[in-house]
Amino acid sequence: MIRKIIPVTLLTGYLGSGKTTLLNNVLNNGKGLKAAVIVNDIGEVNIDEQLISGSGEGAVIPLSNGCICCTLRKDMVKQIQELVLAEKYDHILIEASGICEPAPISHAVANLEGARLDNIITIVDALRLADEFGCGEKLVASYDETHHLVHREGAGTAQSDDIERLLVQQIEFCTTIVINKTDTVTPEQLATVRTAIHHLQPEAKIIETTFGKIEFRDILDTWLFDFDKVYKSAGWIQALQESETCRPEVEEYGIVTFVYARNRPFIAERFKLWTQQIPAALIRSKGIVWFGNAPERSYLFEQSGRELMTREFGRWTGGDEMIKLVFIGRNLDQKKIVSDLDQCLAAG
């Protein structure tokens, strides 16, 4: 019989953001915290597990050569169940790999007996985000120069596309965001990063730090995680709920969110051509689109940086057909985006 419920904290963040440093700081300053740490690395040798071993009181369990959001998800669940049954620990912390998508992990952990998902923390590198959001040299340019990656037709580099998509997903699906390495950016760049994050995820708690220094009470036993709230908290979802027409929101540091809504379908070929010329200033766009050649079906369109996806979303019901897209970006030419999209519409 399980006698207590153990809180679980999930730590996500792209490669190099400072997850391991932050975790070590928390464990070493936890004042007797008995924590079990599950460390995930996609390689055969779990480097992070070696760096964390010996920190604080508790156990370190490596899960290597795969990602816990997909191939190693069952292994992660099994480890959590064993730790719960051991009844030795006050807390379970999971350091996900840098390429992890947080949503699938939350599904796996949220309903486990004897455990509760307490907090999903996304740690971000301030300078990397400053580059992504146009405050400095674009990150994709530095990758092109140093790694000579091959470009896909009509898109950016494969690796840079994945970086942009993962950064956005990790920011959108979390309850706490730690902006790390704030000493590497100017105050103006930091303000821009902070504003962009707020547009992507307006509900998350934001902590700013350097070298991963953080008070463990700020991230453990927070009771912040609620699946329904997190699922609905992304900025694009809130913008869709709040707006029925194309209108700008308050612009701060050049970053704006607006909604494009129309009750006529797109001509599919024209919209496809528009997606091949996505403005570089767009950070994120997402929503429902409608095409004249398939009037009975809705489609979900999603963009992060230069990563694009359109997939079937379901059938329209009760005459609710419409286009509704959210755009988030820095120094956007909103009038041109609206005008270009209007040119994609079928005749009324």
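For a modelled paramagnetic label at V77, 7 Å from Cα along Cα-to-Cβ, the residues of the range 106-129 in reach, with backbone nitrogen under 11 Å, are 107-113. Calculate, for D320 and R270, the FRET efficiency according to 1/(1 + (r/R0)^6) with r their C-beta to C-beta distance and R0 25 Å; round to the nearest 0.05. After rounding, the FRET efficiency stands at 0.60. Multiplying the residue separation of D218 and A59 by 0.36 nm and removing their Cα-Cα distance gives an extension gain of 55.1 nm. Among the trypsin sites (Lys or Arg not before Pro) within the range 265-348, not one is in coil by DSSP while having at most 15 neighbouring Cβ atoms inside 10 Å. Across the alpha-carbon atoms of the range 239-348, the computed radius of gyration and Dmax are 13.4, 41 angstrom.
Close amide H contacts of C174 (hydrogens built in the peptide plane, cut-off under 5 Å, sequence separation of 5 or more or a different chain): none are found. Solvent-accessible area of the range 162-294 (1.4 angstrom probe, protein heavy atoms only): carbon and sulfur portion equals 51 percent. On a per residue basis, the range 293-348 carries 52 Å² of accessible surface, using protein heavy atoms and a 1.4 Å probe.
Counting only lysines at least 8 places from K31 when in the same chain, those with an alpha carbon closer than 24 Å to its own are K4, K19, K88, K205, K213. Stretching K4 away from D342 to a fully extended chain increases their span by 115.9 nm, per 0.36 nm per residue minus the current alpha-carbon distance.
The values are calculated or read from the model by the stated rules, or taken from the named source; none is laboratory data. Computed from a predicted structure; not experimentally measured. No Cβ is skipped: glycine too gets one built from the backbone with ideal geometry, and neighbour counts run over all protein chains shown. Surface accessibility is based on the protein's heavy atoms, side chains included, excluding ligands, DNA and RNA. Shrake-Rupley method; radii C 1.70, N 1.55, O 1.52, S 1.80 Å.
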